[in-house]
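> Submitted below is the structure of interest, expressed as C-alpha cells.
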Ligand code: AMP
C-alpha cells in the first residue's frame, strides 16, 4: 500500500489506473477507523480493481465550537488496518492542498441540506459536498462508498452526483453496530462508561419504534414520544432531534405508510451521536 499526500500525485496515479482500463473504488473517511469504515473498504474491494481510501478531517464541515480540534486521529493505526484490508492507496491530503490560499468555491445541495442535521448544523453539508466533490474530481473513481449511518449525507451525495452529472456510482452500505446495538462511530471513543450506557438508548429507542410499528402503530407523533421516553431516561442525553421522514425527500411524515426513515441526533454528554433505521412495510 502506498500513502499519498499530494493531490497532484494522487490524480496522476488515478489517471494511469483508468488508462489501463482498471476500475477504481473510493472510500472517503475522516479516519479513526472502525468496522463501519472497514465494511466500506471490503465492499470496494469486492466491486473494484483498485481501492483508494482518503483520510481527511474536513474543517469546512465543522462549525465554530464543534469538535474539529479534538476529532479522533490515529493515522498509524488506520494505515495498519488499510494494509490488512489490502487497500491500494491511502490518500491523506492536508488542508493547504484541499483549500489552497484564495479558495472560494463551495457546493450546496438545496433543501436536503437544511433539514434534520442541517437545522443545528446549517453549513455542515455544504462542507461535506465541497470536499467530497473535490476528492471525486481528484480520484475520478467508478464507485464511491458511503455508510447508511450518515443517511442524510448519503442521500445528499447521491443528489449531488445526479444533479452535477458526476461519472461515479454512489454505493450506500448498511450501518455496522457494536454487539449491543450502538452504531459504530469514531466519536464513541469520547464516551465515558456512564455515557456509553446512555448512548445505547439511541438504538434502544429505534428498536422500540420498530416494535411499535410492527404492532400496528403508524402515527409519527406517538412513535417519536416512545423514542423520546427511552432516550430521556438518561440524564446524560440531550435530544437534538428525532424525526420520521420520507426517505427520499426527508420531509416529515405524519403517518408511516410504506417507507420511512427514523433519524435522530442526541448529545450524550458533550458528544453528538446520530443513528437511524429505515422502515419498509
Ligand atoms: P467518517 O470517517 O465518520 O466521516 O465516515 C466515513 C464513512 O464511513 C461515511 O460514509 C460514514 O457514513 C461511514 N460510516 C461511519 N460509521 C459507520 C457505521 N457504523 N456503519 C457503516 N458506515 C459507517
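> What's the number of the only condition in (1) within 30 Å of residue 48 (Cβ to Cβ); (2) part of a loop (DSSP other than H, G, I, E, B); (3) within 14 Å of the ligand (Cβ to nearest atom) that residue 167 fails to meet?
(3)
> Do you know which residues across segment 134-151 are within 10 Å of the ligand (Cβ to nearest atom) and in contact with a helix residue (DSSP H, G or I) (Cβ under 9 Å, 6 or more places away or on another chain)?
Those that are within 10 Å of the ligand (Cβ to nearest atom) and in contact with a helix residue (DSSP H, G or I) (Cβ under 9 Å, 6 or more places away or on another chain): 144, 145, 146, 147, 148, 149, 150.
> Further, regarding this structure: Does at least one position in segment 178-192 carry a residue that is away from the ligand (no atom under 16 Å from the Cβ) and in contact (Cβ under 8 Å) with a residue 12 or more places away in the chain?
Within segment 178-192, the first condition is being away from the ligand (no atom under 16 Å from the Cβ), and the residues that meet it are 192.
If we keep only those that are in contact (Cβ under 8 Å) with a residue 12 or more places away in the chain too, we end up with 192.
Yes, because at least one residue in segment 178-192 is away from the ligand (no atom under 16 Å from the Cβ) and in contact (Cβ under 8 Å) with a residue 12 or more places away in the chain.
> Let me confirm something: among 175, 157, which residue is in a loop (DSSP other than H, G, I, E, B), in contact with a helix residue (DSSP H, G or I) (Cβ under 7 Å, 6 or more places away or on another chain) and near the ligand (Cβ under 9 Å from one of its atoms)? Break it down stepwise before answering.
Values: 157 fails: in a loop (DSSP other than H, G, I, E, B).
That would be 175, the only listed residue that is in a loop (DSSP other than H, G, I, E, B), in contact with a helix residue (DSSP H, G or I) (Cβ under 7 Å, 6 or more places away or on another chain) and near the ligand (Cβ under 9 Å from one of its atoms).
> Here is a follow-up. Name the residues in segment 1-23 that are surrounded by 18 or more Cβ atoms within 10 Å (Cβ to Cβ) and touching a helix residue (DSSP H, G or I) at 6+ places or on another chain (Cβ under 6 Å), would you?
Answer for segment 1-23, where residues must be surrounded by 18 or more Cβ atoms within 10 Å (Cβ to Cβ) and touching a helix residue (DSSP H, G or I) at 6+ places or on another chain (Cβ under 6 Å): 4, 7, 10, 14.
> Within the group 51, 29, which residue is within 16 Å of the ligand (Cβ to nearest atom), over 16 Å from the mean Cα position of the chain (by Cα), closer than 28 Å to residue 183 by Cα and crowded, with 17+ Cβ neighbours inside 10 Å?
On the way: 29 fails: over 16 Å from the mean Cα position of the chain (by Cα).
Within the list 51, 29, the selection yields 51.
> Give the residue, chosen from 264, 206, 200, that is under 20 Å from the mean Cα position of the chain (by Cα) and either part of a loop (DSSP other than H, G, I, E, B) or within 21 Å of residue 113 (Cβ to Cβ) (or both). Step through it out loud before you land on a result.
Numbers: 206 fails: either part of a loop (DSSP other than H, G, I, E, B) or within 21 Å of residue 113 (Cβ to Cβ) (or both); 200 fails: either part of a loop (DSSP other than H, G, I, E, B) or within 21 Å of residue 113 (Cβ to Cβ) (or both).
Answer to the selection: 264.
> Would you call residue 213 surrounded by 14 or more Cβ atoms within 10 Å (Cβ to Cβ), touching a helix residue (DSSP H, G or I) at 6+ places or on another chain (Cβ under 9 Å), free of Cβ contacts under 8 Å to residues at least 24 places away in the same chain and not in a strand (DSSP E or B)?
Here the answer is no, as residue 213 does not meet what is asked.
> Being without any contact (Cβ under 8 Å) to a residue 40 or more places away in the chain and in contact with a helix residue (DSSP H, G or I) (Cβ under 9 Å, 6 or more places away or on another chain) is the filter; apply it to segment 87-108 and report the residue that is surrounded by the most Cβ atoms within 10 Å (Cβ to Cβ).
108
> May I ask you to list the residues in segment 1-48 that are farther than 19 Å from residue 173 by Cβ and outside any helix (DSSP H, G or I)?
The answer is 1, 2, 3, 4, 5, 6, 20, 21, 22.
> Out of the residues in segment 70-86 meeting the condition of being more than 19 Å from the chain's Cα centre (by Cα) and away from the ligand (no atom under 14 Å from the Cβ), tell me which one is surrounded by the most Cβ atoms within 10 Å (Cβ to Cβ).
Step by step, filter segment 70-86, then rank; the result is 79.
None of the figures in this text is laboratory data; all of them are computed from the coordinates on show. Every value quoted in this text rests on a predicted model; they were computed, and no experiment measured them. Neighbour counts are summed over all protein chains in view; Cβ atoms, including those assigned to glycine, are modelled from backbone coordinates with ideal geometry.
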